[in-house]
Amino acid sequence: MKIISLLPSATEIVASLGATHQLCAVSHSCDWPEEIRALPRVTATAVDSTAAAGAIDAQVRAIAATGAPLYTIDEARIRAIAPDVIVTQALCDVCAVSEGDVRALAADMTPSPVVVTLDGKTMEGVFTDITRVAAAIDASDEAEELIDGLRARLRHVHETLKAAKAPRPRVAMIEWTEPLFAGGHWVPEMVARAGGVDVLAKPGDHSAVVTIEQVRAGAPDVLFVGPCGYDLAASIDAARALLARDDWAWARALPVWALDANALTSRPGPRLVHGVETMAAAMHPALFGAPLAMHAVRVH
């Protein structure tokens, strides 16, 4: 079977189902697992992802205002591959290619590939997406085993917190720094499963712009900084830049953690469970030990 993945979370799901060898092409932003890095890329973006957060936001808004697409598809290459399955998404207009464009392309191909659309907004939604992908690539048994394992890990975190009657610290999760965005969709649920209380959003909410005043008024005990699409090094830089500002001086009294957002929070796939475990370790090190340095670093 030939599979094309048009976003990182889909690539990670396919890989976690043991079907990495069936991937024939991926998106420009797919980078995990390492085995896929040599695969052909069939998407591109007009946004300079190496720019500063404010500049990226300005680019996205400017391109969107013109009606031009943020992402393009290499139709010729996809046709040449003739995939059996294409995995895309319908969750975020600024995260990946348009589902409509993908379905239009697929409908114009002979034979037409199966298009699987990911749209999970919660942890359960992500598990449903895994099941949906698995059904399309004949990996339902693998999906059952994978999801059972993920649920067991989440259950371990929950039962450990419950047995210890652990306090629930108030948490502010920053998903973008200029403008400020609070983490939405599955992120507030991750905070709750890790033993915290999200002071900026509720599970399933869309990511939303917030003010510094709103963050401060939430009286967080812990601050997590994990801008969407950032690896750990970039998140560390972003967190330190915030704390260096005069209007964030109040946050210097808090534990502030930078997260590898790409690995832990941004991509709705199996590694979200690593994110829950990492947050739990940051908030409750006496119960779970310190977070792995490859996943999170305390910057203050």
Subject >> Residue count, region 147-196 (criterion: farther than 17 Å from residue 235 by Cβ, among the aromatic types (Phe, Trp, Tyr) and out of contact with any Lys or Arg (no Cβ under 8 Å at 6 or more places or on another chain)) >> reply: 0
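Looking at the structure I just gave you, is residue 241 in a helix (DSSP H, G or I), touching a strand residue (DSSP E or B) at 6+ places or on another chain (Cβ under 8 Å) and surrounded by fewer than 17 Cβ atoms within 10 Å (Cβ to Cβ)? Full working, then the answer.
Working: in a helix (DSSP H, G or I): yes; touching a strand residue (DSSP E or B) at 6+ places or on another chain (Cβ under 8 Å): yes; surrounded by fewer than 17 Cβ atoms within 10 Å (Cβ to Cβ): yes.
Spelling it out, residue 241 is indeed in a helix (DSSP H, G or I), touching a strand residue (DSSP E or B) at 6+ places or on another chain (Cβ under 8 Å) and surrounded by fewer than 17 Cβ atoms within 10 Å (Cβ to Cβ).
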Original post:
Any residue in region 203-210 that is within 23 Å of residue 9 (Cβ to Cβ), surrounded by 22 or more Cβ atoms within 10 Å (Cβ to Cβ), out of contact with any Lys or Arg (no Cβ under 7 Å at 6 or more places or on another chain) and not β-branched (Val, Ile, Thr)?
Top reply: no
Subject >> Residue check, residue 248 within 19 Å of the chain's Cα centre (by Cα) and either in a strand (DSSP E or B) or of a type outside the set (S, T, N, Q) (or both) >> reply: no
Original post:
What residue, among those in region 28-46 that are buried (at least 18 other Cβ atoms within 10 Å of the Cβ) and in contact with a helix residue (DSSP H, G or I) (Cβ under 7 Å, 6 or more places away or on another chain), is farthest from residue 241 (Cα to Cα)?
Top reply: 42
Subject >> Tabulated pairs, region 16-27, first outside the structural domain of residue 134 (by TED's automatic domain parsing), second at pLDDT below 95 and in a loop (DSSP other than H, G, I, E, B), C-beta under 8 angstrom, 6+ apart or interchain >> reply: none
**OP:** Within region 8-16, identify whether any single residue is out of contact with any Phe, Trp or Tyr (no Cβ under 6 Å at 6 or more places or on another chain), outside any helix (DSSP H, G or I) and buried (at least 18 other Cβ atoms within 10 Å of the Cβ), and answer yes or no.
**Re:** no
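The values are calculated or read from the model by the stated rules, or taken from the named source; none is laboratory data. Here the structure is a predicted model, which is why all the values come from computation and not from measurement. Positions of Cβ are generated from backbone atoms using ideal geometry, with glycine treated the same way; all protein chains shown enter the neighbour counts.
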